[in-house]
Each structure stands twice: as C-alpha cells, then as structure tokens.
Amino acid sequence: MADVSTRTPRHWRLWVDPAAWAAVLRVRTDLLDEPYCAQWADCGWPLVATSIPSHAPATLIPVGLALPPAVGKKRLSFILPRAAIKRTEPPLRLAAASRSAPASWTSCINALIDMAPDTAVFGSLAWQHSTGLPYVGPASDLDLLFVHHEREKSEALLRGIALIAATAALRLDGELVREDGSAAQWRELHCGAPQVLVKSLTGVALVRREEFLA
C-alpha cells in the first residue's frame with residue numbers, strides 16, 4: 001500500500017526538470033503531436049498532483065496536465081519519479097490568480113477573498129494564470145479550494161459561499177479541504193445530506209457529514 005504520509009497532496013503544483021520531462025515524452029509517443037507538451041517544462045509551467053493509483057510505490061508521483069480548450073481540452077495523466085520534480089508548492093491562492101480572471105468575475109472573486117482570504121483555486125483559472133494560455137471561456141466554472149478550520153466556522157463559510165453563488169455571474173465549484181488533505185464538494189456539504197463523497201490521496205469514500213466537519 002502506498003505511504004500517504006510522504007505524498008504530495010492533491011491539487012498541489014509541481015515543476016518538473018526539463019531533462020526528466022524530455023525523457024518522459026520519449027516514452028509517451030502518444031503525445032508527440034499534442035500542442036504545448038514538448039515545451040511544458042522548459043516554459044516553467046507546473047503540473048498538478050492527483051490521487052494515487054492503488055499500490056503505487058512512494059518513489060512515483062501521479063500528476064495531471066490540462067491542455068487549453070482551443071487544442072482539445074485534453075486532460076493528460078503521468079506518473080513521474082520523485083527525482084524528476086524540482087519543486088512543489090501549494091495550490092494557487094485565488095487572490096493571486098484573480099489578476100488573470102475575466103472582468104465579469106471580479107465582484108464575485110472579491111467577495112470570496114473578503115470572506116475567506118486563504119481560498120485557493122484550481123481548474124481553468126489556475127491553468128490560465130500559471131501558463132498565460134487561454135483556458136477561461138464564457139462557460140467556465142470557478143473551481144475553488146476552501147480550508148476547513150473547525151465545524152462552526154466551516155458551516156458559516158458554506159452559508160457564505162452559497163449566498164455569493166446565488167448571485168454570481170458564473171458557477172462556483174470546488175471543495176472544502178481538511179488538514180489531512182481529504183476533501184468534499186462544498187455544494188454537497190451545504191445541502192446537509194447525512195453522507196458526503198470524500199476524496200483523499202488514495203481514493204473516494206462516503207463519509208458522514210458530521211464526521212467530515214468534526
């Protein structure tokens with residue numbers, strides 16, 4: 001079984017050594033014609049940590065790469081040796097990524113930051129900010145990572161997100177993330193269902209809402 005204590009959490013950003021990336025692509029011949037792949041590491045663009053396949057050794061790190069919609073919006077998966085990773089960083093803060101958001105998102109983003117300054121972002125806005133490539137379109141969602149602190153604060157946070165979402169010009173998706181990295185969709189939690197689907201490094205499971213928010 002994989003040792004999750006040494007794993008890079010989901011949604012964290014990872015930068016790959018260009019020489020190691022070139023070696024990966026020599027094996028992944030299916031990607032020879034995919035735009036941007038060859039220069040990804042040379043451009044200094046990050047990959048994103050994903051869930052661990054069952055029985056994956058701790059020396060390997062599963063990562064993902066999303067291509068822009070204009071070239072097919074493909075989501076590519078890789079399992080890289082730990083030695084290929086130059087550095088890792090937490091998910092991008094919404095406050096930083098807001099500079100790359102459409103003007104029509106500004107009021108919504110400002111309200112979210114005012115309510116929860118530690119909110120992070122993934123998905124199309126994060127990719128657009130990290131690469132400078134066009135990912136965000138008229139139908140794009142805003143994918144968010146909210147930090148779970150304690151039950152009462154998170155219950156208030158969920159109510160606040162719902163109020164902002166009710167009048168937002170875009171759809172707010174995303175997760176409430178516990179300190180151990182496990183996460184549940186904020187909408188499922190807000191609905192008050194007795195059980196929620198919780199994602200962790202090693203998979204998904206139904207968990208009692210009360211237990212998740214404890």
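The values are calculated or read from the model by the stated rules, or taken from the named source; none is laboratory data. Because the structure is predicted, anything quoted here is derived from the model rather than measured. For neighbour counting, all protein chains shown are included, and Cβ atoms are generated from backbone atoms with ideal geometry for every residue, glycine included.
Applying the selection to the stretch 160-180, what residues are surrounded by 18 or more Cβ atoms within 10 Å (Cβ to Cβ) and acidic (Asp, Glu)?
Glu175
Which one of these is in a loop (DSSP other than H, G, I, E, B), in contact (Cβ under 8 Å) with a residue 60 or more places away in the chain, farther than 16 Å from Asp143 by Cα and of a type in the set (Phe, Trp, Tyr): Trp15, Trp45, Trp21?
Trp45
Return yes or no: is Leu112 touching a Cys at 6+ places or on another chain (Cβ under 8 Å), crowded, with 18+ Cβ neighbours inside 10 Å and at pLDDT 95 or above?
No, not satisfied.
Being over 25 Å from Thr202 (Cβ atoms) and either in contact (Cβ under 8 Å) with a residue 24 or more places away in the chain or touching a His at 6+ places or on another chain (Cβ under 6 Å) (or both) is the filter here; which residues of the stretch 24-42 pass it?
Result: Leu31, Glu34, Pro35, Tyr36, Cys37, Trp40, Ala41, Asp42.
Pick from the stretch 181-201 the residues that are touching a Ser or Thr at 6+ places or on another chain (Cβ under 6 Å) and not in a loop (DSSP other than H, G, I, E, B): which of them is surrounded by the fewest Cβ atoms within 10 Å (Cβ to Cβ)?
Per the stated criteria, the residue is Ser200.
Kindly evaluate Trp40 against the criterion of being touching a helix residue (DSSP H, G or I) at 6+ places or on another chain (Cβ under 8 Å), at pLDDT 90 or above and buried (at least 17 other Cβ atoms within 10 Å of the Cβ).
For Trp40, the condition - touching a helix residue (DSSP H, G or I) at 6+ places or on another chain (Cβ under 8 Å), at pLDDT 90 or above and buried (at least 17 other Cβ atoms within 10 Å of the Cβ) - is met.
Within the stretch 65-94, how many residues turn out to be without any contact (Cβ under 8 Å) to a residue 24 or more places away in the chain and crowded, with 16+ Cβ neighbours inside 10 Å?
Total meeting the criteria: 0.
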